[in-house]
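Colleague: Would you mind keeping the following structure in view while I ask a few things?
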Amino acid sequence: MTDADLDRSYTALCEALGEVGAQRSELLLAMVALGLIARSEHADEVLALVARARERVLEEPAPR
């Protein structure tokens, strides 16, 4: 993916999140994640990405 493709994809995701609103953003993200997982050829790559994302989230301070 080129930098331009990455920028277009990120922008589309941000716009979609804004359109669905905070209450449905988790659903949108879950649907996107499941769609991308289904297109992945190797489970090991998906599992590594999930593990890294989990670690990064747990490193962040909990919201108050």
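Just so it is clear, none of the values below were taken in a lab; they were calculated from the coordinates. None of these values were measured; they are calculated from a predicted model. Cβ: placed from backbone, ideal geometry, glycine included. Neighbour counts: every protein chain shown.
Colleague: Over the chain, what per residue volume does the convex hull of the Cα atoms give, in whole Å³?
Modeller: On the way: hull volume 7.4 nm³, N = 64.
So the per-residue hull volume is 115 Å³.
Colleague: Also, I was wondering about something else. Could you please rank 19, 59, placing first whichever residue has the fewest other Cβ atoms within 10 Å of its Cβ? Walk me through the intermediate numbers first.
Modeller: Values: 19 10, 59 7.
Least crowded to most crowded, the residues run 59, 19.
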